[in-house]
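Enquirer: Shown below is the structure under consideration.
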Amino acid sequence: MSPLAIIFLIIGIPALIGLAYIFVRGSAGLRRYILTRIGLLIPMVFILASLVFFVMRVLPGDPVRSSLGPKGSAETVARMREQLGLDDPLIVQYGNFLVDIVTLDFGNSLTGGRRPIVDEMSERFPATLELVIPAAAFALAIGIIGGTLAAARRKRPLDYALRLYSVAIYSIPVFWLGLMGQLVFGVRLGWTPIAGRIDPVIGTTLERTTNILWLDAIISGNWPALWSSLSHLVLPVVTLGLILSGVFLRLTRVNVIETLQMDYIGAARARGIRERIVIGGHALKNAIIPVITLLGLQVAILLAGAVLTETVFSWPGMGQYLVQRISSRDYTAVQSVITMFAMLVALISLAVDIIYSLVDPRVRY
Amino acid sequence: MKRWISVVAVLVLVLAACTGGTTEDTTATTAGDTTVPETTEGDTTSTTAAETPDTTGAPAGEADGTIIIGTTDTIASLDPADAYAIHDWELLKNINEGLLRWTPGELELTTGLATDMPEVSEDGLVYTLTMREGVQFSDGTELTAEVYAEQLNRLLTIGPDCPNGVANALATPFLESVEAVDSSTIQFTLSRPVAYFPQLLATAAYLPAHPDTFPAEECVTFPEAPVHGTGPWYITEYTQGEQTVLEPNPNYNGELTPQVDRIIIRYFSDPQTMALAVQNGDIDIAWRILGPELVGELEGAEGLSVGAIDGGSIRYLILNYAIEPMDDINVRKAVAAAIDRDEIVDVVYGGQVEPLYSMVPPGFIGETQAFDDMYQSPDLDAARAFLAESGYDENNPVELELWYPPEHYGASTADWMQLIEQQLEATGVIDVTLQPQEWSTYVTALTGGEAYAGGVLGWFFDFPDSSNYLEPFVFNGGLGTMVTSPEGEPINDQAAQLVDLLNEASVELDEDARAGLYEEIQELYADLVVTLPILFEVEHVVPRDGVSGSDQFASPETLNIGPNLEFYYSVLSEN
């Protein structure tokens, strides 16, 4: 079984069970909402995939010429175009593409050895997950803690400092931040490795099952590999997470400030409840709901940030793959990756909406 | 709250239990020692170079004889009948040995699997070679002449349909058939005499492929590891974009015996990251492609040495004979006279590349400085004089469109094209318009010869021979020079003379006579300004202290990588 299939099983089965539970136990409105969202998912992915398909073909460039360069003779180019089906009418190519999407086969890439795209994703997607999930968690943690502190110390130096941080960090290009991290923590201080997913030597000892290396290390009990993979995660995760943390921080701050002005907070304070508990226990619970919604929306930005982060840290994930294949005009690879990203974003925002309704019982669909 | 504190405390304890031992060892290995970790549960004694970055100069993989080489290249194919990229060839030539190969560090052919250099028939059409005894693949499979011939015939049968098309360039135009005369003798029959056939035999296309991994009927670009070969190494595992691991072939009986236990090729997507990695000790060697700016930074870094190899790719201008105003020989000569290569080298590249005055780079057979001898550029007066002959002057300047791909050859291309624009316009008689274009559109239009009057291209040889730097720009449209038609018809008498000379040189077996012919060809080539050579990029290899090449071969300071850029991992050792 490929790592991609294993990951889908690990994530998909609990998600499906959860969905089924919510579907059965939830309100009729929620059931209708879930069905509508799933129904909308199909045309959304279809429209996006079609758009990418046609835009890729309108753009200047040709995958065969791009990969052969000046050394490819006209005959070679013609033969390869025929082999790859690039001479077929556009409508035929489009039909083949739609069939590939429906069957989740995605076909073969046009460049780089013409491997099945599913195989290539299977190698790359776990690496991106390994990076993006902890980065999102890190961004959320920094954002919620920082935002709450800023709200609690409103209009004091800490508040100003955190607000300044949130604007500054969001303005910094991710590649610059990554490079600075490599120079300072990698080269100067020697605290972290600067690139890659695992130490090359230790990597040879690791049996890969899911291709999420720290998970594989735990599964196989390879503790040096666990340490190595976690230490390699630090810089890219912190870089990507920091960039996104500013948005969460600002949103949390605003929501906590608004919540602190509610009557029930005043009542809690009047009862003599300690301020720390008022903020952390009462205000934050309500203030965090819009932050969860934002997390769903930020997934797309997170994936876009991962493209640059993966390049800076030579992290062999989907982002790096996408950049390489766009430059070589590999139509099928680009279409497939973007379609997969679209499905991922849509599913995560659906999950977030469902979680939203569970966190806030007032929400009705 | 107490409940949460308890949960956090338990998690911290679990984490500490998981990582505690390793942390201790981390402090003990700050010199960068790297041992092969046992996968036995509970073992926490193994450490990594990466977790304790080495800044003391010791090799990253010292403890177990592992050398880690960084590159920004990628694997495109590991099938000898298909592979047509520098890094693929490097891997293939390390895991396979062919009949002939290059002496490390030099442009000198030597025997590989063959016992002697080829025996050539009088008509130059039949090459016979005898293989040494007892050649085995790394898995123990015997390589006989019959197996070898079968694999090479695969190059002729399925090779042309493989994705990267190496057979169309290096086999089918010359090779008619391959036969095994007996179990150790192999015979090649050519369709026409080819003086550089021995050089072709030393390319990766003519390597023996394992018959079980690479079946006769299909191209296998990414075979499952282990990938066995007849060379000093074999690939134990590889992961796209991450790393390739090579270990010594236990059955290898040739000269290039490995000096270390393992080679790991680590892939980087960004040269800047690779430069930091070699500084940090994460890798032992930074190899292709660093770029001139990064090389300048690394030259002063402690614990590193920078080796420069005069053997990189060249950059040149295609000047299209069939499109105005380049169809005018005086315009082409004026351009040749006006360009100042030294200024490009100094201003754009800070002296990290070399000016090129012939399409044939230094070190190759018959190499001359034909363009320098003929035009002594920059000579603006000469440029104006050439243009005056065609009726151009300050009031009637020639308008020139020059095209370039802004990304494909790096950002510096735009810089030096702007410099060329300034240099040409300094004549006062040339008005240049620069036109950037996306690579695949660009290369199609330029090499098709129907759209652009002039543009920049790069070239890297398929086999290190002067013919490979001249023929492609003359024969069959000449990649957009149109000095001949796509069908091969020369555009004028001088072009016909050039074609004849190239054909003569390609069948001349006497090296001195051949060198003389190439000297004559380059002079005529410069006079016609078929293309305009501009510069060649010096390749750089950056090893950390403690990693070295072999004193038995030339250029140990560049890890015995010579102008042909052949990198034999077997020469590497750790001190």
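The values are calculated or read from the model by the stated rules, or taken from the named source; none is laboratory data. Keep in mind that what you see is a predicted model, and the values were worked out from it rather than measured. Because the Cβ atoms are built from the backbone with ideal geometry, glycine has one as well, and the counts that use them run over all protein chains shown.
Enquirer: More than 10 Å from chain B (Cβ to nearest Cβ), surrounded by 17 or more Cβ atoms within 10 Å (Cβ to Cβ) and within 23 Å of A:GLY319 (Cβ to Cβ): is that true of A:GLY203 in this structure?
Expert: So A:GLY203 fails the test.
Enquirer: Another question, then. Restricting attention to region B:380-419, which residues are assigned to a helix (DSSP H, G or I), within 31 Å of the chain's Cα centre (by Cα) and crowded, with 19+ Cβ neighbours inside 10 Å?
Expert: Once the filter is applied, which keeps residues that are assigned to a helix (DSSP H, G or I), within 31 Å of the chain's Cα centre (by Cα) and crowded, with 19+ Cβ neighbours inside 10 Å, region B:380-419 yields B:THR413, B:TRP416, B:MET417.
Enquirer: Of the residues that sit in region B:158-189 and are in contact with a strand residue (DSSP E or B) (Cβ under 8 Å, 6 or more places away or on another chain) and farther than 26 Å from B:GLU133 by Cα, which one is surrounded by the fewest Cβ atoms within 10 Å (Cβ to Cβ)?
Expert: It comes out as B:GLU176.
Enquirer: Working carefully through the options A:VAL256, A:VAL238, A:VAL167, find the one that is touching a residue at least 60 places away in the same chain (Cβ under 8 Å), under 19 Å from B:LEU276 (Cβ atoms) and either more than 14 Å from chain B (Cβ to nearest Cβ) or basic (Lys, Arg) (or both).
Expert: On inspection, the qualifying residue turns out to be A:VAL238.
Quick grid of which residues meet (1) in contact (Cβ under 8 Å) with a residue 40 or more places away in the chain; (2) more than 10 Å from chain A (Cβ to nearest Cβ):
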| residue | (1), (2) |
| --- | --- |
| B:VAL194 | yes, yes |
| B:PRO208 | yes, yes |
| B:GLU217 | yes, yes |
| B:ILE235 | yes, yes |
| B:GLU247 | no, no |
| B:GLU299 | no, yes |
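Enquirer: Listed residues B:ARG192, B:ARG154; which is of a type in the set (Lys, Arg) and in contact with a helix residue (DSSP H, G or I) (Cβ under 8 Å, 6 or more places away or on another chain)? Before you say what the answer is, go through the steps one by one.
Expert: Working: B:ARG154 fails: in contact with a helix residue (DSSP H, G or I) (Cβ under 8 Å, 6 or more places away or on another chain).
After ruling out the rest, the residue left standing is B:ARG192.
Enquirer: While we're here: Out of all the residues in region B:462-474, which are among the aromatic types (Phe, Trp, Tyr) and more than 11 Å from chain A (Cβ to nearest Cβ)?
Expert: Once the filter is applied, which keeps residues that are among the aromatic types (Phe, Trp, Tyr) and more than 11 Å from chain A (Cβ to nearest Cβ), region B:462-474 yields B:PHE463, B:TYR469.
Enquirer: I'm told B:GLU119 meets every condition in (1) more than 14 Å from chain A (Cβ to nearest Cβ); (2) of a type outside the set (Gly, Ala, Ser); (3) surrounded by 17 or more Cβ atoms within 10 Å (Cβ to Cβ) except one. Can you identify the failing condition by its number?
Expert: (3)
Enquirer: For A:GLY113, which of the numbered conditions (1) in contact with a Pro (Cβ under 7 Å, 6 or more places away or on another chain); (2) at pLDDT 90 or above fails to hold?
Expert: Failed condition: (2).
Enquirer: A further question follows. Return the residues of region B:420-449 that are without any contact (Cβ under 8 Å) to a residue 12 or more places away in the chain, exposed (fewer than 15 other Cβ atoms within 10 Å of the Cβ) and within 14 Å of chain A (Cβ to nearest Cβ); say none if nothing qualifies.
Expert: Of everything in region B:420-449, nothing turns out to be without any contact (Cβ under 8 Å) to a residue 12 or more places away in the chain, exposed (fewer than 15 other Cβ atoms within 10 Å of the Cβ) and within 14 Å of chain A (Cβ to nearest Cβ).
Enquirer: Evaluate the following for A:ALA168: is it aliphatic (A, V, I, L, M) and under 23 Å from A:SER231 (Cα atoms)?
Expert: Taking the combined requirement at face value, the residue does not satisfy it.
Enquirer: Please find, within region A:97-115, the residue that is farthest from B:PRO223 (Cα to Cα) out of those that are under 23 Å from the mean Cα position of the chain (by Cα) and surrounded by fewer than 22 Cβ atoms within 10 Å (Cβ to Cβ).
Expert: Residue satisfying both the conditions and the ranking: A:VAL102.
Enquirer: Among the residues of region B:397-431, write down those that are hydrophobic (A, V, I, L, M, F, W, C) and closer than 21 Å to B:GLN352 by Cα.
Expert: Hits for region B:397-431 are B:ALA411, B:ALA414, B:TRP416, B:MET417, B:LEU419, B:ILE420.
Enquirer: Scan (1) among the hydroxyl-bearing types (Ser, Thr, Tyr); (2) closer than 30 Å to B:ASP512 by Cα; (3) modelled with pLDDT of 95 or more for the single condition B:SER390 breaks and write down its number.
Expert: (2) is the only condition that B:SER390 fails.
Enquirer: Is it true that some residue in region A:69-79 is over 34 Å from the mean Cα position of the chain (by Cα), under 19 Å from B:GLY477 (Cβ atoms) and of a type in the set (Lys, Arg)?
Expert: Taking every residue of region A:69-79 in turn, at least one turns out to be over 34 Å from the mean Cα position of the chain (by Cα), under 19 Å from B:GLY477 (Cβ atoms) and of a type in the set (Lys, Arg).
Enquirer: Among B:ASP284, B:ASP342, B:ASP328, which is the only one that is acidic (Asp, Glu), at pLDDT 90 or above and under 23 Å from B:ASP73 (Cα atoms)?
Expert: B:ASP284
Enquirer: Please go through region B:462-492 and pick out each residue that is under 17 Å from B:LEU565 (Cα atoms), in contact with a strand residue (DSSP E or B) (Cβ under 9 Å, 6 or more places away or on another chain) and buried (at least 22 other Cβ atoms within 10 Å of the Cβ).
Expert: Residues satisfying the conditions are B:PRO464, B:TYR469.
Enquirer: Go through (1) touching a residue at least 40 places away in the same chain (Cβ under 8 Å); (2) part of a helix (DSSP H, G or I) one by one and return the number of the condition A:ALA217 breaks.
Expert: (1)
Enquirer: Here's something else I'd like to know. I'd like to know if region A:323-330 contains one or more residues that are surrounded by fewer than 17 Cβ atoms within 10 Å (Cβ to Cβ), within 16 Å of the chain's Cα centre (by Cα), assigned to a helix (DSSP H, G or I) and within 12 Å of chain B (Cβ to nearest Cβ).
Expert: Yes, that holds for at least one residue.
Enquirer: Report, ordered by the first and then the second residue, all pairs with beta carbons closer than 6 Å, sequence separation of six or more or different chains, a first member in region A:181-196 that is more than 9 Å from every other protein chain (Cβ to nearest Cβ), and a second member that is surrounded by 24 or more Cβ atoms within 10 Å (Cβ to Cβ) and not aliphatic (A, V, I, L, M).
Expert: A:GLY181/A:THR239
Enquirer: Counting only residues that are closer than 16 Å to A:PRO193 by Cβ and more than 10 Å from chain B (Cβ to nearest Cβ), how many does region A:303-322 have? Explain how you work it out, then say what you get.
Expert: So in region A:303-322, the residues closer than 16 Å to A:PRO193 by Cβ come out as A:309-310, A:312-316.
From what's left, more than 10 Å from chain B (Cβ to nearest Cβ): A:309.
Of the residues in that region, 1 qualify.
Enquirer: Got a sec? Which of B:GLU537, B:GLU504, B:GLU519 is surrounded by 22 or more Cβ atoms within 10 Å (Cβ to Cβ) and charged (D, E, K, R)?
Expert: Numbers: B:GLU504 fails: surrounded by 22 or more Cβ atoms within 10 Å (Cβ to Cβ); B:GLU519 fails: surrounded by 22 or more Cβ atoms within 10 Å (Cβ to Cβ).
Exactly one residue qualifies, and that residue is B:GLU537.
Enquirer: Assess whether A:GLN83 counts as being more than 18 Å from A:SER327 (Cβ to Cβ) and within 14 Å of another protein chain (Cβ to nearest Cβ).
Expert: yes
Enquirer: A:VAL247 - would you say it is in contact (Cβ under 8 Å) with a residue 24 or more places away in the chain, surrounded by fewer than 24 Cβ atoms within 10 Å (Cβ to Cβ) and either among the hydrophobic types (A, V, I, L, M, F, W, C) or in a helix (DSSP H, G or I) (or both)?
Expert: For A:VAL247, the condition - in contact (Cβ under 8 Å) with a residue 24 or more places away in the chain, surrounded by fewer than 24 Cβ atoms within 10 Å (Cβ to Cβ) and either among the hydrophobic types (A, V, I, L, M, F, W, C) or in a helix (DSSP H, G or I) (or both) - is met.
Enquirer: Could I ask something else about it? Determine if region A:146-157 includes at least one residue that is touching an Asp or Glu at 6+ places or on another chain (Cβ under 7 Å), away from every other protein chain (no Cβ under 11 Å) and assigned to a helix (DSSP H, G or I).
Expert: Step one: filter region A:146-157 for residues touching an Asp or Glu at 6+ places or on another chain (Cβ under 7 Å), giving A:150, A:153.
Still in the running and away from every other protein chain (no Cβ under 11 Å): A:150, A:153.
If we keep only those that are assigned to a helix (DSSP H, G or I) as well, we get A:150.
Scanning region A:146-157 turns up at least one residue that is touching an Asp or Glu at 6+ places or on another chain (Cβ under 7 Å), away from every other protein chain (no Cβ under 11 Å) and assigned to a helix (DSSP H, G or I).
Enquirer: Here is a further query. Looking at A:ALA333, A:ALA300 in this structure, which one is modelled with pLDDT under 85 and part of a helix (DSSP H, G or I)?
Expert: Result: A:ALA300 is the single residue among A:ALA333, A:ALA300 that is modelled with pLDDT under 85 and part of a helix (DSSP H, G or I).
Enquirer: Can I ask one more? Which of the residues spanning region B:503-543 are polar (S, T, N, Q) and more than 30 Å from B:SER412 (Cα to Cα)?
Expert: Answer for region B:503-543, where residues must be polar (S, T, N, Q) and more than 30 Å from B:SER412 (Cα to Cα): B:ASN503, B:SER506.
Enquirer: Right, next: Quick one: in region B:548-560, of everything that is hydrophobic (A, V, I, L, M, F, W, C) and surrounded by fewer than 24 Cβ atoms within 10 Å (Cβ to Cβ), which residue is farthest from B:GLY458 (Cα to Cα)? Quick ask: steps written out before the conclusion?
Expert: Narrowing region B:548-560 to residues hydrophobic (A, V, I, L, M, F, W, C): B:553-554, B:559.
With the extra rule that they be surrounded by fewer than 24 Cβ atoms within 10 Å (Cβ to Cβ), the set shrinks to B:553-554.
Numbers: B:PHE553: 30, B:ALA554: 28 Å.
Top of the filtered list is B:PHE553.
Enquirer: For region A:273-292, check the following and say yes or no: at least one residue is within 25 Å of A:PHE125 (Cβ to Cβ) and surrounded by fewer than 23 Cβ atoms within 10 Å (Cβ to Cβ).
Expert: Among the residues of region A:273-292, at least one is within 25 Å of A:PHE125 (Cβ to Cβ) and surrounded by fewer than 23 Cβ atoms within 10 Å (Cβ to Cβ), which makes the answer yes.
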